[in-house]
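**Student:** Quick one: structure below, then a few questions.
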Amino acid sequence: MAHFDTPRRAPFGAVTIYRFVQMFDRFFAALHRWSIAQKTDAVLRSLSDRELHDIGLSRDGIEDFSAQYTGRG
């Protein structure tokens, strides 16, 4: 008995809806990364110079460290 696989096309608009959902997903992921970076930046700036030195950072490196979460660094 022979078995044939016939390719099925996606329903009309399915690809467009998928891309639209992906766009929102990327937007909210970027917004979440930005929020984490802002919180990280605020917490690190609240530390003393001694505490920053203990974790291996300086005041100048705080922005670079928190920017790693947004993909800018």
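The values are calculated or read from the model by the stated rules, or taken from the named source; none is laboratory data. Just so it is clear, the structure is predicted and the values come from calculations on it, not from any experiment. In this analysis, Cβ positions are derived from the backbone assuming ideal geometry, glycine residues included, and neighbour counts consider all displayed protein chains. Keep in mind that these areas ignore ligands, DNA and RNA; they rest on the heavy atoms of the full protein, side chains included. Shrake-Rupley method; radii C 1.70, N 1.55, O 1.52, S 1.80 Å.
**Student:** Extending each Cα 7 Å along its Cβ direction at Trp34 and Asp54, get the distance between those two points in nm, one decimal.
**Tutor:** So the two model labels end up 3.4 nm from each other.
**Student:** Same structure again: Counting heavy atoms of the protein chains only and a 1.4 Å probe, report the per residue accessible area for segment 10-73 as a whole number of Å².
**Tutor:** Here the residues of segment 10-73 average 82 Å² of exposed surface.
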